[in-house]
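Please read the structure below before turning to the comments.
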Amino acid sequence: MVTWLHWIDLAGVAVFAIAGTLMAYKKHMDGFGVVVLAAVTAVGGGTLRDMILDLPVFWVQDPSFFYVIIFAACITIIWLRTQNTFPLKYLFFADAIGLAFFNVMGCQKALVYGASPLVAIALGTMTGVFGGLIRDVICREIPLVLKGELYATACIAGGIVYILCQHFAINTMLCMLAGFSITLMIRLCAMKWHWSLPIFNPHDAVKDE
Amino acid sequence: MVTWLHWIDLAGVAVFAIAGTLMAYKKHMDGFGVVVLAAVTAVGGGTLRDMILDLPVFWVQDPSFFYVIIFAACITIIWLRTQNTFPLKYLFFADAIGLAFFNVMGCQKALVYGASPLVAIALGTMTGVFGGLIRDVICREIPLVLKGELYATACIAGGIVYILCQHFAINTMLCMLAGFSITLMIRLCAMKWHWSLPIFNPHDAVKDE
Amino acid sequence: MVTWLHWIDLAGVAVFAIAGTLMAYKKHMDGFGVVVLAAVTAVGGGTLRDMILDLPVFWVQDPSFFYVIIFAACITIIWLRTQNTFPLKYLFFADAIGLAFFNVMGCQKALVYGASPLVAIALGTMTGVFGGLIRDVICREIPLVLKGELYATACIAGGIVYILCQHFAINTMLCMLAGFSITLMIRLCAMKWHWSLPIFNPHDAVKDE
């Protein structure tokens, strides 16, 4: 079980490292700055989660995460150098998969350490959103969470599904798969068809008093 | 005493959640992104304070903070939908109250856990400033701490007053009230009359060499 | 040994406090906002390092760091008020020295607490980069790590040299001096002669699909 969760964690880290490398390419970063941005994107969410839960940060005792980040960054660099166009849609796709991975991992870890369901959903959303958020803030891009298209909403929906599955005593692996799929599906559909869930009247003009 | 501090904490969280929702409205965020921004603004400062003091983060074991955030965000959303103008002055007002609340709470908690007065003032200022700061950074607004008008200065002055009151063995509740009032008053006056405390000669032109 | 490391830490904090004050001057901050930005720049990297390593944050039990920050900020303010030009090159120079200091300190502390070499290099780089990064993010400047000129690369190279020296059982003080010098030299040379290490083909136009 622990080994299996470790592999999931490594996969999430690899996917976010790819998203970080794609953004570094877009920003023309040089040298190891690319690897640093990949690492920040990949470990940012999980680091925040572990610091808030007061657990040892997952990558401090285990260098395998950094081997995965360096490997994922190198593969992406080589692939990008043989291409001539910047694949913006791949960046969004990698970001969506990483979001779904870390959302479910954050929920699961918070529940294991005794958080209540509402807190677990909040921690899952933070874990999923934070890595991409600091990547965008560092790179002075508009954070995806601001661009709408149900970014945070996908996390919260996926978290609720995961908690419900756990509540009905379904196998943890199936719960995680359900939460992961819901998060990813909502996010991908929202990107494709520009779904949004308007909270405020769209015709409300913003008039600064 | 503990119960009473808990209510103060809840009030500070509610006020900052309102400030976060107002900013989300200004930025036309959709779906649960609004609640996420409200939550980040509301718990950001206290989370940083607890992580630095190496205490359990205040909201992890206690879901009531998230009920308060969701409730405050919903009330603000409903209120905004019935209005036609964006109340920028309410955003600044809510931000000032939250700043004063968290500044004093940060000072108090740091002192209880054995920090020296200077460190307590620094931690109080961080607690007060951080939630609004990450809200502004995420939303790509100019952080209020940069806009001048004695933002950080109000926190430091309030912290000094709180520490002095404690030093003369005044009742903690009165100390907190004094620190809170000083922070809020300086900040509100500075906003109203555009007070500032120039550190550098205003006629110093910035000439990049 | 402990005393000696303490002095090194104080020196790094002072240098980054100067860099923070210089940036506050450039942004025309008023009141204690200047001191707050100096403090954030100076303690940001080390705070992140200690929170990730799950150690007590270095400045919480020891107010001397804040005396140093206030002293360094005051000296810089007085010096700037007697000048008529903004010394942008001094900002970069102070930033480079702080980067080298904190990079080596982060590596050293991570190794002492049992991290593997790869993790130590990553933590050293984070410690060095983080203070300046949040200073630039708060001030809405382009982060230096994005501007290229081997910012992160200097840290990683310095970290590798430090780890290698340790591996050959050289005296810790000499190891730190070697890591510090390499980081500083690469960064200063890269700034002076605009060195960069292109990772992506420079003629790759970014075509958003």
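The values are calculated or read from the model by the stated rules, or taken from the named source; none is laboratory data. What you see is a predicted model; the values in this text were computed from it and never measured. A quick note on method: Cβ atoms are made from the backbone with ideal geometry, for glycine too, and the neighbour counts reach across all protein chains shown. Surface areas here come from the heavy atoms of the whole protein model, side chains and all, with no ligands, DNA or RNA. Shrake-Rupley method; radii C 1.70, N 1.55, O 1.52, S 1.80 Å.
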Using a Gaussian network model of chain C with C-alpha springs under 10 Å, which one of C:Gly31, C:Gly106, C:Gly131 is most mobile by mean-square fluctuation? C:Gly31
Filter on A:Lys26/C:Lys192; A:Lys89/C:Lys192; B:Lys192/C:Lys27; A:Lys27/C:Lys89; B:Lys27/B:Lys147 - keep pairs with C-alpha separation over 29 Å: A:Lys89/C:Lys192
Can you tell me the dipole magnitude for the stretch C:104-204 around its Cα centre, using point charges on the Cβ only (Lys, Arg +1; Asp, Glu -1), in Debye to the nearest 20? 180
Residue-wise, which Karplus ³J(HN,Hα) couplings in Hz belong to the stretch B:139-151, taking 6.51 cos²θ - 1.76 cosθ + 1.60, θ = phi - 60°, and x for glycine or proline? 8, 6, 8, 5, x, 4, 5, 8, 6, x, 6, 6, 5
Sort shortest first the distances from B:Ile142 to its counterpart in every other copy, using label points 7 Å along the Cα-to-beta-carbon line, and give them in nm. 2.1, 2.1
Have a look at the stretch B:134-155 and report residues whose accessible surface goes down by 50 Å² or more when the remaining protein chains are included, against the chain on its own, probe 1.4 Å, ligands and DNA/RNA excluded. B:Val137, B:Ile138, B:Arg140, B:Leu146
Hey, what did chain B get for relative contact order, percent, Cα under 8 Å, at least 6 apart? 21
Post the alpha-carbon centroid distance, the stretch C:148-177 to the stretch B:10-53, in whole angstrom. 41
Roughly how much accessible area, to the nearest 100 Å², goes out of reach of solvent when C and B pair up, both sides summed, probe 1.4 Å? 3400
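What whole-number value in Å² describes the accessible area per residue of chain B for a 1.4 Å probe?
Numbers: 8260 Å² over 209 residues.
Normalised by residue count, the accessible surface of chain B is 40 Å².
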What is the protein assembly as shown by shape, rounded, prolate or oblate, if you read a ≥ b ≥ c off the alpha carbon gyration tensor as root eigenvalues and call it rounded for a/c under 1.5, prolate for a/b larger than b/c, and oblate otherwise? rounded
Expressed as a percent, the accessible surface of chain A that is carbon or sulfur, using a 1.4 Å probe and the full set of protein chains, is 71
In the stretch C:1-50, what residues drop by 40 Å² or more of accessible area when the other protein chains are put back, versus the chain on its own? Use 1.4 Å, and skip ligands and nucleic acids. C:Tyr25, C:His28, C:Met29, C:Asp30, C:Gly31, C:Phe32, C:Val36
Scan chain B and hand back the longest stretch that contains none of the trypsin sites (Lys or Arg not before Pro) lying in DSSP loops with at most 16 other Cβ atoms within 10 Å. B:1-139
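For chain C, what does -39500 (n - 2.57) per DSSP helix run (n ≥ 4), summed and divided by total residues, give at 222 nm, in deg cm²/dmol to the nearest 500?
Result for chain C, helices only: -25000 deg cm²/dmol.
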Could you list, by residue number, the cysteines of chain B that have no other cysteine's beta carbon within less than 4.7 Å of their beta carbon? B:Cys74, B:Cys107, B:Cys139, B:Cys155, B:Cys189
Just to check I understand the Karplus step: with θ = phi - 60° and J = 6.51 cos²θ - 1.76 cosθ + 1.60, what whole-Hz values come out for the stretch B:61-72, glycine and proline as x? 8, 9, x, 4, 4, 6, 4, 4, 5, 5, 4, 4
Under the Karplus relation 6.51 cos²θ - 1.76 cosθ + 1.60, θ = phi - 60°, what is the ordered set of whole-Hz ³J(HN,Hα) values for the stretch C:158-166, x standing for Gly and Pro? x, x, 4, 4, 4, 5, 4, 4, 4
Go through C:Leu197, C:Thr21, C:Gly179 and say which Cα lies farthest out towards the positive end of the charge dipole of chain C; charges sit on Cβ, +1 for Lys and Arg, -1 for Asp and Glu. C:Thr21
Please state the charge dipole magnitude for the protein assembly as shown, taken about the Cα centre, from unit charges on C-beta atoms (+1 on K and R, -1 on D and E), reported in debye and rounded to the nearest 20. 740
Rounded to the nearest 20 debye, dipole of chain A from Cβ charges on Lys, Arg, Asp, Glu: 440
Per-residue mean of other chain beta-carbon atoms within 10 angstrom of the beta-carbon, peptide B:56-65? 5
